[in-house]
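Data block below; observations after.
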Amino acid sequence: MPRVMRTPRTIEIDITNRCNLRCEYCYHFSSEGDVASDLPTDEWLAFFDELGRSSVMEVTLGGGEPFVREDITELIDGIVRNRMRYSVLSNGTLITEDQAAFLAGTRRCNHIQVSIDGSAPEVHESCRGAGTFRRAVHAIEVLQAHGVPVAVRVTVHHRNVRDLPNIARFLLDDLGLPSFSTNAASYLGLCRDHSAGIALTVEDRVLAMTTLESLNERYGGRIQAAAGPLAEVRMWREMVRKTAEGSAMGDCAGGCLSSCGGVFSKLAVRADGVYIPCTLLPGTVLGRITVDDLADLWSNHPELERLRTRQTLPLAGFEECGGCDYIPYCRGGCPGLSYTLTGSPYRPSPDACLRRFLRESGLGPGSFLAGNGVTP
Amino acid sequence: MPSACRIVANPSTVFREELDDWALLFNPDTGAVYGLNPVGAFIRKNMDGRHSVRDFADLVTEHFEDVSPEVEKEVSAFVEELVEKGFAEYRES
Ligand code: SF4
């Protein structure tokens with residue numbers, strides 16, 4: 001098991017529950033993190049002082065849309081004053097020239113992540129709403145002009161999967177970004193209500209994998225993924241190859257629910273100030289900021305300890321994994337998705353199941369290994 | 001740098017003590033992170049502007065077992081590296 005740090009290295013904060021948009025697949029709204037109210041400035045600033053005393057190194061501000069907060073610059077000043085760096089996850093539509101200049105001036109910004117889901121308004125706006133594309137692109141240009149690091153995230157879904165080659169060209173060639181990252185619309189938050197028209201079908205998923213792999217090769221590795229089709233195809237190919245060879249998995253601990261190491265170095269906070277293990281597990285209430293001592297909660301909360309020992313739960317013990325050849329190489333997927341799909345974070349996520357994917361896609365392991373899926 | 005020179009930690013950097021006496025140094029201006037073993041962490045804790053490389057070498061010899069005969073040279077190289085990376089400064093005595 002990874003070692004637990006003495007205090008969290010990173011805190012992910014839903015700094016607001018408000019947003020000017022309602023993207024159809026948003027993981028936040030209608031989740032247990034969709035809370036009634038935001039905290040006032042003073043309470044966040046007092047919390048940032050505690051983070052500084054606890055030697056936390058970075059804060060990620062998400063939500064909701066962080067730039068709807070009128071006090072966003074004051075909050076970021078509080079982070080900087082406490083010797084931390086920060087990132088902001090944004091839809092990009094509210095970022096102004098003045099804010100970009102302010103962010104540049106702090107010299108502590110790891111990145112501003114702006115979501116772009118299409119190469120043109122009609123694709124991007126199919127889930128995000130009219131008028132959002134130009135404003136998000138403008139934000140990227142303004143941030144670039146001020147030298148603020150921009151990280152673009154593309155969420156792959158049913159309506160943009162065929163636009164991926166254009167998206168890559170737009171972001172990497174036209175806007176000149178060094179890279180962008182991808183994930184997929186997942187069965188979380190609002191996506192649960194619109195899943196039929198937005199979530200990737202199995203055919204979409206194969207297409208996304210094949211397309212992203214070939215684009216990444218064409219663009220010299222400038223497409224990144226920690227989740228979603230590109231991450232899956234890399235991991236699953238490795239699992240199929242290792243299974244065929246009967247060889248060890250290397251440094252990745254397979255055979256247990258070991259895919260998520262977040263609880264060893266990160267903690268999250270909802271917009272109402274409630275500590276949670278992760279923004280994808282917003283219903284797991286651990287305590288409250290400025291009431292519960294951070295270091296004590298981090299080291300001693302029984303639910304955090306339980307989530308850390310999740311890493312030792314063997315996949316062979318789950319009925320749904322019975323007889324699976326991939327057990328020694330599988331790590332069970334995201335606990336947040338396991339929770340929404342199965343009702344428990346202590347089970348493998350069906351979404352991350354290679355055996356299920358191969359069965360549903362009709363691809364044999366040999367064909368999957370050879371990349372013989374769908375031609376983009 | 002003469003080994004009588006005092007060394008002070010850069011107060012705008014973060015010193016994170018981890019388990020088993022290991023530690024991390026973090027420079028929020030650059031994002032640089034630097035891992036310290038228990039001896040390095042012990043020296044960093046004593047960078048209060050009152051100790052020199054020679055003092056650190058004496059303190060290390062007092063507090064740790066099996067200390068190398070080259071301890072002053074090794075401490076000097078370590079301090080120089082922290083100064084270069086912006087985690088500490090020399091202070092004229
Ligand atoms: S059944 Fe699915 S989740 Fe279980 S070990 Fe096999 S691939 Fe992994």
- Test: A:Arg356 is assigned to a helix (DSSP H, G or I) and within 8 Å of the ligand (Cβ to nearest atom): yes
- Every residue from the stretch A:102-121 that is closer than 15 Å to A:Pro149 by Cβ and either of a type in the set (A, V, I, L, M, F, W, C) or away from chain B (no Cβ under 14 Å) (or both): A:Phe102, A:Leu103, A:Ala104, A:Cys109, A:Ile112, A:Gln113, A:Val114
- Message: Quick test for you: out of A:Cys19, A:Cys23, pick the one residue that is open to solvent by 30 Å² or more (accessible area, probe 1.4 Å), farther than 18 Å from A:Cys278 by Cβ and of a type in the set (A, V, I, L, M, F, W, C).
- Response: A:Cys19
- For A:Gly197, are the conditions met, namely being open to solvent by 20 Å² or more (accessible area, probe 1.4 Å) and free of Cβ contacts under 8 Å to residues at least 24 places away in the same chain? no
- Item | Candidates A:Ala185, A:Ala145 - the one that is in contact (Cβ under 8 Å) with a residue 60 or more places away in the chain and touching an Asp or Glu at 6+ places or on another chain (Cβ under 9 Å) | A:Ala185
- How many residues are part of a helix (DSSP H, G or I) and open to solvent by less than 50 Å² (accessible area, probe 1.4 Å) if we restrict to the stretch A:367-376? 2
- Message: Can you report the number of residues in the stretch A:26-42 which are in contact (Cβ under 8 Å) with a residue 12 or more places away in the chain, open to solvent by 20 Å² or more (accessible area, probe 1.4 Å) and either within 14 Å of chain B (Cβ to nearest Cβ) or of a type outside the set (A, V, I, L, M) (or both)?
- Response: 9
- Query: How many residues does the stretch A:4-16 hold that are assigned to a loop (DSSP other than H, G, I, E, B) and either within 14 Å of another protein chain (Cβ to nearest Cβ) or surrounded by fewer than 24 Cβ atoms within 10 Å (Cβ to Cβ) (or both)?
  - Reply: 7
- Is one or more of the residues making up the stretch A:74-86 of a type outside the set (S, T, N, Q) and assigned to a loop (DSSP other than H, G, I, E, B)? yes
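Results for (1) on the phi < 0 side of the Ramachandran plot; (2) modelled with pLDDT of 95 or more, shown as yes or no for each residue.
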residue	(1), (2)
B:Arg44	yes, yes
B:Met47	yes, yes
B:Glu62	yes, yes
B:Asp66	no, no
B:Ala77	yes, yes
B:Ala88	yes, yes
B:Arg91	yes, no
- Task: Kindly provide the set of residues from the stretch A:49-64 that are within 13 Å of chain B (Cβ to nearest Cβ) and either buried (at least 21 other Cβ atoms within 10 Å of the Cβ) or free of Cβ contacts under 8 Å to residues at least 60 places away in the same chain (or both), ordered by number.
- Result: A:Leu51, A:Gly52, A:Arg53, A:Ser55, A:Val56, A:Met57, A:Glu58, A:Val59
- Note on the structure: All conditions in (1) among the aliphatic types (A, V, I, L, M); (2) outside any loop (DSSP other than H, G, I, E, B); (3) open to solvent by less than 40 Å² (accessible area, probe 1.4 Å) are true of A:Ala101 except (3)
- Task: Select, from A:Val88, A:Val35, the only residue that is within 30 Å of A:Gly197 (Cβ to Cβ) and in contact with a Pro (Cβ under 6 Å, 6 or more places away or on another chain).
- Result: A:Val88
- Query: Do the conditions hold for A:Leu341, that is, is it of a type in the set (A, V, I, L, M, F, W, C), closer than 25 Å to A:Cys256 by Cα and in contact with a strand residue (DSSP E or B) (Cβ under 8 Å, 6 or more places away or on another chain)?
  - Reply: no
- Item | Flag if B:Val8 is surrounded by fewer than 18 Cβ atoms within 10 Å (Cβ to Cβ), of a type in the set (A, V, I, L, M, F, W, C) and not in a loop (DSSP other than H, G, I, E, B) | yes
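The values are calculated or read from the model by the stated rules, or taken from the named source; none is laboratory data. Since this is a predicted model, take the numbers as computed values, not measurements. Every residue, glycine as well, gets a Cβ built from its backbone with ideal geometry; the counts of neighbours run over all protein chains shown. Ligands, DNA and RNA are stripped out before the accessible areas are found, and what is left, the full protein with its side chains, is counted by its heavy atoms. Shrake-Rupley method; radii C 1.70, N 1.55, O 1.52, S 1.80 Å.
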